[in-house]
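Scroll down for the structure; my scribbles are underneath it.
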Amino acid sequence: MERCSIYSMRTAVDTLMVLEVLLPCVAVIVILMWLMQLSNKSTVYSTLLFFTSIMSLLISPRLWPPKCLEILKVVFFTNSGTEANELALMIARLYTGCQDIISLRNAYHGNAAGTMGATAQSIWKFNVIQSGVHHALNPDPYRGVFGSDGEMYAKDVQDIIDYGTSGHVAGFISEAIQGVGGIIEMAPDYLPAAYKSVKKVGGLCIADEVQVGFGRTGSHFWGFEAQGVVPDIVTMAKGIGNGIPLGAVVTTPEIAEVLTRRCYFNTFGGNPLCTAAGLAVLKVIEKENLQENALVVGSHLKKRLTELKDKYEIIGDVRGRGLMLGVELVTDRQRKTPAKAETLHIMDQMKDLGVLVGKGGFYGNVFRITPPLCFTKEDADFLVDAMDYSMSKM
C-alpha cells in the first residue's frame, strides 16, 4: 500500500472537529469578530447579535425532538466540556438539595474536581478528594455481565439508590456512547429504566453529549435520542466550536433558576468570538447535511470494518454508530484478552501509511474512529485498507 506524506494524512481520531478544517465561511466570521473587538460599540453589538443568535439556534426545533423542545429552553455557555459538566453537576446538587451523583463505570466526564469524581477510570483520576459519586455497572454489551440486557444493568442504579444513598440523589450523568471509554454504546433499553429510577426519587438526568452530539451518530442529532429518553440537562462542547473553545449547558427554566440564588458568571463563556464561530459551525452542519453524511459514510465504514473482523481473529468487536466507531483488538476472542501491544503496533503502521487513528478503552486496546463529519467513503475505504494492510503484516 502506498504511503502518504504527513501533509495528506487522513484523520479518524478527534471528536473535537466536526469539519475537516476551519472552513472559509467560519474563518471569515472569526476574523471579523476579532476585528470588531477593536471598538467598544461594536463589541456590545456583536455580543448581543451572535450570543442571542446561537442561543436561539441551540434551542430551535431543528436540533431537538419535540418532547425535549417543550422543556429545554435555557442555555449557559462555557469554554469546554469539563466546565459544562461541572456546571451541570452543581446545578443538579443545588436544585435537589442532595449531594449524591450516580455515574457509570468506565465513564469520562472531565478532569476538574467534580467531573473527575464522575469519571470512572483510574488513569484519569488524581489522588484528590472526589466525594459524593457512585459508579453503577456499565451497560457494556461486549464485556458486561448482562450482555445486551439494558434493564438488568439498570437495576444496579436502583440498588445504589437503595443501599448507597439516603434514598434521594442529585442526579445521574451518562454518555450515550462512551468515547474515552472505548466507543461503548450502552445496551438497549438501559436509559429509560435508569432514568425512571432516578426521577422517581427526585434526581435529575444529565446527558453528556460532549463527544457524541451534533449529528455524529448519524441516526440522531443527539446520542440520547437513540434510547428514547428526555434528559433534564444536556451538556455539549467539542463539535459545537470545531476547535474553538466553546461549551454549553441546556436545561429547563425551573432548573436554571437555582443559579439566581447567588452571582454566577463565566468570564469567557459565551464571548462573541466563540459564539460567532459556533453559530457558523452549526449552520455548516445543517447546510451540508453532515448528519446524513455521518449516517451514510458511517454505515459504509462499519460494514467494511465488520468484514475485516471476519478476516482477522485479532478484532474482537466492531461497534458504535455513524462516525463514532470502535474496533476492539484482542489476542483471544473467547477470553477477550486485550491486545495492548498489537494495538500500538498497528497504530504506528497506519500512521506511516497516512492514517491517524486514536485509541481508548480501559485497556487501551480499542481504536476510536471519530473523524470529522465530512469524512467521505473514499476516506473510509482508505482507512480500512490501511488497517487491513497493517494487520496482514502482523
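Rg/Rh for region 25-287 (Cα atoms only, Rh after Kirkwood) is 0.98.
Divide by every residue of the chain the summed helix terms, -39500 (n - 2.57) for each DSSP H run of at least 4, and state the resulting mean residue ellipticity at 222 nm, rounded to the nearest 500 deg cm²/dmol. Intermediate results must be reported in sequence, preceding the final value.
Details: 12 runs with 156 residues, N = 394.
-12500 deg cm²/dmol, from helical runs alone.
Taking Phe126, Phe146, Phe172 as the candidate residues, the one with maximal mean-square fluctuation in a Gaussian network model of the chain, Cα springs under 10 Å, is Phe126.
Of the beta bridges in region 125-243, as assigned by DSSP with both residues counted there, near 20 percent are antiparallel. From least to most packed, judged by other beta carbons within 10 angstrom and beginning with the fewest, Arg333, Arg262, Arg105 follow the order Arg262, Arg333, Arg105. Antiparallel beta bridges, as assigned by DSSP with both residues in the chain, represent about 65 percent of the total such bridges.
Test of understanding: ordering Tyr153, Tyr163 by Cβ neighbours within 10 Å, fewest first, what list do you get? Walk me through the intermediate numbers first.
Values: Tyr153 26, Tyr163 9.
Lowest to highest Cβ neighbour count: Tyr163, Tyr153.
Taking amide hydrogens as placed 1.01 Å from N in the peptide plane, the amide H of Leu104 sits under 5 Å from those of Ala136, each at least 5 positions away in sequence or on another chain. This ranking places Tyr195, Tyr190 by how few other beta-carbon atoms lie within 10 Å of each, fewest first, which gives Tyr195, Tyr190.
Throughout, read-outs are computed from the coordinates displayed, never taken from laboratory work. Everything numeric in this text was worked out from a predicted model, so none of it was measured. Note: ideal-geometry Cβ built from the backbone for every residue, glycine included; neighbour counts use all protein chains shown.
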